[in-house]
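The values are calculated or read from the model by the stated rules, or taken from the named source; none is laboratory data. All values derive from a computational prediction rather than experimental measurement. A quick note on method: Cβ atoms are made from the backbone with ideal geometry, for glycine too, and the neighbour counts reach across all protein chains shown. Ligands, DNA and RNA are excluded from the accessible area calculation, which covers all protein heavy atoms including side chains. Shrake-Rupley method; radii C 1.70, N 1.55, O 1.52, S 1.80 Å.
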Amino acid sequence: MARILKQGISEEVALQTSTQVRETVENILKDISERGDVAVRELSEKFDKWSPESFRLSDEQIQACIDSLSEETLNDIKFAQEQVKNFARIQRESMLDVEVETRPGVILGHKNLPMNSVGCYIPGGKYPLVASAHMSVATAKVAGVPRVIACAPPFNGEPNPAIVATMALAGADEIYCFGGVQAVGAMALGTETIAGVDMIVGPGNAFVAEAKRQLFGRVGIDLLAGPTETLVIADEIGCDAELAATDLLGQAEHGPNSPAILLTNSEQLAKDTMVEIERQLQTLPTAEIAGKAWADYGQVIVCDSYEEMVQVADDIASEHVQVMTEDPDYFLNNMTNYGALFLGQETNVSYGDKVIGTNHTLPTNKAARYTGGLWVGKFIKTCTYQKVSPEATVEIGEYCSRLCALEGFAGHKAQADIRVRRYKKD
């Protein structure tokens, strides 16, 4: 039976925080919808102390950002971007159009069509998340989206050169420097100077995630990517306390409300890891954030067996699941609820976040029960079509007519009946 050695924050406290976020976002989106650019500028001044002549960066500003980076930094960005593009291309190639004759004269098919416009949000207020530009902009371009716009907040009072360069190299058609709910709202709703888009993608804080939730329906969204979550599954053979602590804190530093959970079948490893976490917090440069996240949202759970660990892990349905056990493939073959798996101590979540090629925009808040993360397929609509021969329309029409009558749909029945009359041979 699973035993909890450390418990995170209560659901009641989390719900209270969620309610406050929802109300704030509702008011901001209403303001943007009613006052457009004026509201966006006021919000940017209020939250970011940022009010440039134009939020959209010119070609000269973009090139200046690129030119300000070292050759090594540009090469690093290009390397990571190529890994993301390459895996996205492989995924895109797996999505095939189909056209088949399912019965004589009945041809059914589907086409995979990219969306016409996408808005990508790249967080950058606390940390300049360069990698998020690869994950959203580059992936959308591989999918074939013709118009991809991208927004990132100012960093230290100006556009972050690395984020801007990465968005440009990824193929963004328009680049804006403003952030938060005002950026997501402007891209989704449109303003006098920003044409609205069909879909919003990208991670962000609780306010950005809530904005996407409220905007869903008016535009599409990738998923509700809230605060980063990590689950480390470990045993004494595949992991040690130093490694477990490093990987838990490595994700806890995302924010003070980022859950980090250790799930193990070794009570000794559990206790050693808790001690090691406190030791590492003494020297970790981001200890103020990571320590707060661990104190409020960290958990340690001890199970009796691999089977029980799988059951608990699937119930948690974490965004990131790092498996460092004697047999990592056991969890690959048996787990069903996760955003992404990182198998073996040789890899880690940071590889997925930054460079290896899998997408780092992943489901949180148990959404892994019903969706995977952002991938090239999220930017593509699979749309069906049908073609029917005169002979086939008689056969299908007679079935359709009777089934429409069964349901009481007279107008539907008439659609079938007129074709049966016109094409049925005497």
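Hey, any idea what % of the stretch 1-156's accessible area is carbon plus sulfur with a 1.4 Å probe?
C and S atoms contribute 53 percent here.
Which of Lys30/Lys141; Lys85/Lys378; Lys49/Lys354 have a Cα-Cα distance over 20 Å?
Lys30/Lys141; Lys49/Lys354
Which three extents, in whole angstrom, do the alpha-carbon atoms of the stretch 60-212 cover along their principal axes, largest first?
66, 36, 29
Return the inverse of the average 1/r over all pairs of distinct C-alpha atoms in the stretch 126-190, which is the Kirkwood hydrodynamic radius, in Å to one decimal.
Evaluated on the stretch 126-190, it is 11.9 Å.
Can you list the aspartates and glutamates whose alpha carbon sits under 19 Å from that of Lys78, skipping same-chain ones fewer than 8 residues off?
Hits, sequence-local ones excluded: Asp67, Asp173, Asp353.
Restricting things to Cα coordinates, could you compute the convex hull volume per residue of the stretch 48-150 in Å³?
143 Å³
Cβ neighbours within 10 Å, averaged per peptide: list 199-207, 288-296, 266-274, 403-411 in order, most packed at the top.
Values: 199-207: 24.3, 288-296: 19.6, 266-274: 17.8, 403-411: 11.2.
Per-residue Cβ counts within 10 Å, averaged per peptide and sorted highest first, yield 199-207, 288-296, 266-274, 403-411.
Given 0.36 nm per residue, what is the gain on full extension from Lys366 to Lys49 after removing their alpha carbon distance, in nm?
Stretched out fully, the Lys366 to Lys49 stretch lengthens by 110.6 nm.
Per residue, how large is the accessible surface of the chain? Use a 1.4 angstrom probe and give square angstrom.
Values: 20670 Å² over 426 residues.
On a per-residue basis, 49 Å².
Taking only Cα atoms of the chain, what ratio of Rg to Rh do you get with Rh as the Kirkwood inverse-distance radius? If you can, show how the numbers build up before the last one.
Values: Rg = 25.3 Å, Rh = 23.9 Å.
For the chain, the value is 1.06.
Which three extents, in whole angstrom, do the alpha-carbon atoms of the stretch 280-379 cover along their principal axes, largest first?
That works out to 40, 39, 27 Å along the principal axes.
Considering only the other residues whose Cβ falls under 14 Å of the Cβ of Asp59, what net charge follows from Lys and Arg at +1 and Asp and Glu at -1?
-3
Ordered by packing density, taken as the mean number of other Cβ atoms within 10 Å over each peptide's residues, highest first, how do 169-176, 364-371 rank?
Peptide ranking by packing, descending: 169-176, 364-371.
Using only Cα atoms, what Kirkwood radius does the stretch 320-426 have, in angstroms?
Every distinct Cα pair counted, the radius reaches 18.6 Å.
In whole Å, largest first, what are the principal axis extents of the Cα atoms in the stretch 202-353?
50, 38, 24
Can you send over the carbon and sulfur percentage of the accessible area for the stretch 272-380, probe radius 1.4 Å, protein chains only?
Numbers: 2330 of 4820 Å².
Ligands and nucleic acids excluded, carbon and sulfur give 48 percent.
Between beta-carbons, use under 12 Å as the cut-off and find the net charge around Ile200, counting Lys and Arg +1, Asp and Glu -1.
Once positives and negatives cancel, what remains is +2.
Measure out, as a whole number of angstrom, how far apart the alpha-carbon centroids of the stretch 282-337 and the stretch 161-186 sit.
Comparing the Cα centres of the stretch 282-337 and the stretch 161-186, I get a distance of 33 Å.
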